[in-house]
1. Roughly how compact is the chain, stated as its Cα Rg over 2.2 N^0.38 Å to two decimals?
2. Want the number for ASP527 to LYS808: 0.36 nm per residue separation, take away the alpha-carbon distance, what's left?
3. Any idea what the dipole of the chain comes to, in debye rounded to 20, about its Cα centre with Lys/Arg Cβ at +1 and Asp/Glu Cβ at -1?
4. If you average the sequence gap of Cα pairs under 8 Å that are 6 or more apart and divide by the length of the chain, what percent do you get for the contact order?
5. Subtract the Cα-Cα distance of ARG756 and ARG193 from 0.36 nm times their separation in residues, and report this length gain in nm to one decimal.
6. Which order do the peptides 85-92, 35-42, 767-774, 736-743 come out in when sorted by mean C-beta neighbours inside 10 angstrom, highest first?
7. Taking all protein chains as present, what is the carbon and sulfur share of the accessible area of the stretch 92-194, in % to the nearest whole number, probe 1.4 Å?
8. State, to one decimal in nm, how far the label point of SER123 lies from the label point of GLU780, with both points 7 Å from Cα in the Cβ direction.
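The values are calculated or read from the model by the stated rules, or taken from the named source; none is laboratory data. These numbers were taken from a predicted model, which means no experiment stands behind them. FYI the Cβ positions are ideal-geometry reconstructions off the backbone, even for glycines, and counts take in every protein chain you see. Surface areas here come from the heavy atoms of the whole protein model, side chains and all, with no ligands, DNA or RNA. Shrake-Rupley method; radii C 1.70, N 1.55, O 1.52, S 1.80 Å.
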Amino acid sequence: MNKELLAFVSRPSRYLGNEVNSFHKDIDKVRLKFALAFPDAYEVGMSHIGLQILYSILNSRDDIVCERVFAPWIDMEAILRSKGMPLVSLESGFPLRNFDVIGFSLQYELSFSNVLNMLELSSIPLLADERDENYPIILAGGPCAFNPEPTAEFFDAILIGEGEEAILEIAEVFLRWKEARGDKGALLKELSRVPGVYIPSFFKVRYNRDNTIAEMRPLSKGVGRVKKRLIHDLDTIPYPTRPILPFMKIIHDRLTAEIARGCKRGCRFCQAGFIYRPYRERSIDQVEGIIHNGLATTGYEEISLLSLSAGDYSCIRELMAIVMGQYAGEKVAISLPSMRIETLTQEMMDQILRVRKTGFTMAPEAGTPRLREVINKGIEEDGLFEATRHLSQRGWRSVKLYFMIGLPTEREEDLRAVVDLSGRLRFMGGRSRASIHVNTSISTFVPKAHTPFQWEPQVPLGDILNRHTYLRSKLQGQGVRLKWQDPRMSLLEGVFARGDRRLSRVLMEAHSLGCRFDGWGEHFRFDLWKRAFDSCGLSMEFYANRRRAFSEVLPWDHIDSGIEKEFLLRDCEKSMRGETSPQCSGDSCEACGVCDRNETRLQIKRGISSRPTTRQGRRVISQMRIRARVFKLGEARFLSHLEMVTAFHRAVKRAHLPLSYSRGFHPLPKIRFEGALPLGVESLAELADFELFKPIRTETFMEKLNRELPEGLGVSSLEIIFPSRRRGSTKEAHWCVVGFSHLKGFQEKIDAFVRRDRLVHAQRRKRGIGEIDLRSMVQEVRIRDTIPLPEMDTNLLPPSFRELLNWKGGVIEFIVKGKDGQRPRAREVVSRVFGLTGEQIKGLQFIKLAET
């Protein structure tokens, strides 16, 4: 991708591709080019640990290059289409069309339209049967693959289940086929022999007159149900030791350490709890190694212990005590993103408080004990109140509650109970004054494949809208902050969650109408989806709002999740009787079918850590202050000010420099930058102050920090300062601008500007519009042949900027002087002096050379 395009998009750091720990190989010297494609925005995809795992595994092979591509945001897509440019990978800018294999991660049904958009932007035919061996093989995987049929016509092969082992097996099959120079049919046949790989074109669907499925017929011998891939022992598979560190703030901006996979609980609405069975734990030693290596190579400020139910991890208390003993002094916080409230202890709350309060979400799911028994969610209200009381006593001032509406057998009293429970929690069971803020989140129940509720209907849209209206009217009056997902989005999710192969036509029609980013409320177009269904002669209600007969052939019946259909049926019948099922354990088994009691079984790994439990704490009293002159050059100019500050903080942590932190419940690093450089602007003259808790040689500080900073960011000089020394206000800034296609007529415009007595400019400020006199503030404007670089060690500068020093297209240089606390922005000067438009200004490179 031409990086100059980044000046024209809203979040350019999405597209840089040179993050810390990303892989950069010579793409022309490998045997296999593999693209991992995530059909959503960068900040969503980079929050998914599965992508990082597969990226690390594939790139561990010297003969394979794996690069990433995400759905381009609306503004970037518009640029690509207007310029006729293809979608390319982040790392090398290699066109997606030229990769050997493209693997899509299907995490959410409302991202399906983005898959088609990404293929179209890459000039790749959407339908698998229109692609021969001259096109990349298009794969898919992820939880949505457990009902692969709505997207079956777009993918050549779909991996069912866990991919850590299968991904290299798939790569080996492709390499052998590539060397043999076979046709696509031969490749698909070989891929079908890889356990867990489903080839949609090897099956044909026949429908009944009532539009239900009559049969899913294999087209050749040896093709049958596809059994999911499963990792039997998590300790035996690789886990990223150097995870990619995004520049931008992603959805889950922290180090993720997976402590367990699967769930023991059996909540009947939860697809993940069933498709990832059996429950398997990582050993405490391996988890600690993941955390140790991850923090050392990223500098993250927070650790997330990832599991479907972190409190069920057998060593959770020991692990938290050890991790906080080692890293609390480094001001590294810990969070538990998925936590059953009955497993949360006061000891665990105290461990979290050692650094800062991270968020807590309590998920009753339903308002009454009766409905919680229907869904097999064993949470008692007394436990909710007790946990909230303990949280409040320890300084937490808000909790988040999560409820579903539209659950099977839901009644009016269940909705009233949601209102009552949310309101009572504000007062923690009867106090006279509200002492905690309650944020209640409401979502609509979506039946999913391979769960006991896979036969249940989704509540019709009109009824769900009425229930939302009721809850909004009641909860907002209770002083509870309410969030909810658009029920129309949940309806569409439900359609594709249990849809069949005919929905591929609907997807193509919706894509042609402009549907994309359907999981983002501001881009969701329900009217276009209705048109697409009408055009294809299909009904959303048929897929979402009818109850399936237990005897009906389901679109995913040929996919073997390991859970026996008879078990799901029995559990569904139990739910209608209000009966609960016990959690998986070594003592009780409901015979769901997934365990063979040998290799495939529930794994609990109790053990004692071999690592030390404590480490010397980090002091907060500052013993030394250093002022650094910082540069921000090349592609780093596309980092926002906050992204640059975060990059410096994490580099300091990776370099193990003795940085001081503030006191209090939310300690902050004592790094202070002078002002905020506008996005897209380069500088050789930024100032940053660092407070350290012990002295260090300035040469050592600079060497260690520069070694860890990403390309384009660095320190060019340092000085020790004293507390009594304050920064003076900057008076002059020395600028230059490059990138002009020509400078014809520019000297005349400079002369005209110099002859003026005044040039009043309206400047937008935080408190409105103010006027400044540009003429009195711009001291000099001239045209130069090259960039007038100040005296410095150019070896510190990034190669791309050193190349720019040879620019021969002409340079505009000017000096701006502040007056009465005001100073014009560099872009404002160039725009007014030379009469350039905003779009023309975006195409130029502005470089601050010095500031005094």
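1. Values: Rg = 29.5 Å, N = 852, 2.2 N^0.38 = 28.6 Å.
Relative to the rule-of-thumb radius for its length, the chain sits at 1.03.
2. That pair, ASP527 and LYS808, stretches by 95.8 nm at full extension.
3. Numbers: 128 positive and 109 negative charges, 566 e Å.
Magnitude of the dipole: close to 2720 debye.
4. On the way: 1619 pairs, mean separation 97.4, N = 852.
Worked out over the chain, it gives 11 percent.
5. On the way: separation 563, 0.36 × 563 = 202.68 nm, distance 7.90 nm.
Answer, rounded to one decimal: 194.8 nm.
6. Order by mean packing, descending: 35-42, 85-92, 736-743, 767-774.
7. Working: 1570 of 3350 Å².
Accessible surface attributable to carbon and sulfur in the stretch 92-194 totals 47 percent.
8. Inter-label distance under the simple model: 4.9 nm.
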